[in-house]
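Reading through the structure tokens given below for one structure.
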Amino acid sequence: MDRIDAKTRSALMSRIRGKNTKPELSVRKGLFARGLRYRLHDSRLPGTPDLVFPKHRAIIQVHGCFWHGHEQCKLYKPPSSNVDYWTTKIARNKANDYRSSTQLDEMGWRVRVVWECSIRGQSADRLEAFYDELADWVRHG
Ligand SMILES: [Zn+2]
């Protein structure tokens, strides 16, 4: 039988799928505070985008640097064990990211990727400035 309760399991799964991560929650809070409203993890759109702003035809994807293979990033350390497994997995994630952002683009959505490293470890001042700029991008492109 199942040894973990539904809530714990759902939290675990969402961490595995990279939904509701700390950087994502930070972005959501920053944009909400700037008056923007969004849909989350909309499975009707290619790649189930993290934040969808229907009114502005804009999408923000918050990407973990490891899972999405952020190149030349200090948070992305190539794995030292199970190298084949991780290399394949990350390459597949990147291919999926590319495909869904191309599809969204063709559907007339503007797509922006926010990397974990632009959130994690930044000072409060820098984050505020970043969210000002991000909110401006959502509204005006
Ligand atoms: Zn990064």
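May I ask you to give the percent of accessible area on the chain that is carbon plus sulfur, with a probe radius of 1.4 Å? Could you put the intermediate results ahead of the total?
On the way: 4860 of 9200 Å².
On the chain, the fraction of accessible area on carbon and sulfur atoms equals 53 percent.
For the range 127-136, take each phi angle, set θ = phi - 60°, evaluate the Karplus expression 6.51 cos²θ - 1.76 cosθ + 1.60, and give the result in whole Hz per residue in order, putting x for glycine and proline.
With coefficients 6.51, -1.76 and 1.60, one gets 5, 4, 5, 5, 6, 4, 5, 5, 4, 5 Hz.
Output wanted: per-residue J couplings in Hz (rounded whole) for the range 26-35, from phi through Karplus 6.51 cos²θ - 1.76 cosθ + 1.60, θ = phi - 60°, x for Gly and Pro.
Running phi through 6.51 cos²θ - 1.76 cosθ + 1.60 with θ = phi - 60° gives 5, 4, 4, 4, x, 7, 4, 4, 9, x Hz.
Please list, or write none, the aspartates and glutamates whose alpha carbon is within less than 17 Å of the alpha carbon of Lys74, excluding same-chain residues fewer than 8 places away.
Lys74 reaches Glu116.
Restricting attention to the range 51-109, which trypsin sites (Lys or Arg not before Pro) occupy a DSSP loop and are surrounded by at most 11 other Cβ atoms within 10 Å?
Details: sites: Lys55, Arg57, Lys74, Lys89, Arg92, Lys94, Arg99; in loops: Arg57, Lys74.
Those satisfying the criteria are Lys74.
Along each principal axis of its Cα atoms, how long is the range 18-140 end to end? Whole angstroms, biggest number first, please.
Principal axes ranked by extent give 44, 36, 21 Å for the Cα atoms.
Can you compute 3J(HN,Hα) from phi for each residue in the range 90-104, using the Karplus curve 6.51 cos²θ - 1.76 cosθ + 1.60 with θ = phi - 60°, rounded to whole Hz and x for Gly and Pro?
5, 4, 5, 4, 5, 5, 4, 4, 5, 5, 5, 6, 5, 5, 4
Using r as the Cβ-Cβ distance of Arg39 and Tyr98, and R0 as 25 Å, what FRET efficiency do you calculate, to the nearest 0.05? Show your work: numbers first, answer last.
Values: r = 23 Å, r/R0 = 0.90.
So the FRET efficiency works out to roughly 0.65.
Cα to Cα, under 16 Å, and not fewer than 8 places away if on the same chain: which lysines meet these conditions relative to Lys77?
Lys89, Lys94
Relative to a virtual label point 7 Å from the Cα of Met107 in the Cα→beta-carbon direction, which members of the range 27-49 show backbone nitrogen distances below 17 Å?
Residues 38-49 qualify, since their backbone N sits under 17 Å from the label point.
Keeping every protein chain present and rolling a 1.4 Å probe, give me the accessible area per residue for the chain in Å². Walk me through the intermediate numbers first.
Numbers: 9200 Å² over 141 residues.
I get 65 Å² per residue for this part.
How much mean residue ellipticity at 222 nm does the chain get from its helices, if each DSSP H run of length 4 or more adds -39500 (n - 2.57) and you divide by all residues, to the nearest 500 deg cm²/dmol? Mind dumping the intermediate values first?
Working: 4 runs with 65 residues, N = 141.
Taken over the chain, the calculation gives -15500 deg cm²/dmol.
For Asp125, tell me the accessible area in Å² from a 1.4 Å probe, rounded to the nearest 10.
Approximately 120 Å² for this residue.
The values are calculated or read from the model by the stated rules, or taken from the named source; none is laboratory data. As the structure is a computational prediction, the values presented were derived from the model and not from experiment. All Cβ positions, even for glycine, are placed from backbone atoms using ideal geometry, and neighbour counts span all protein chains on display. With ligands, DNA and RNA removed, areas are computed over all heavy atoms of the protein, side chains included. Shrake-Rupley method; radii C 1.70, N 1.55, O 1.52, S 1.80 Å.
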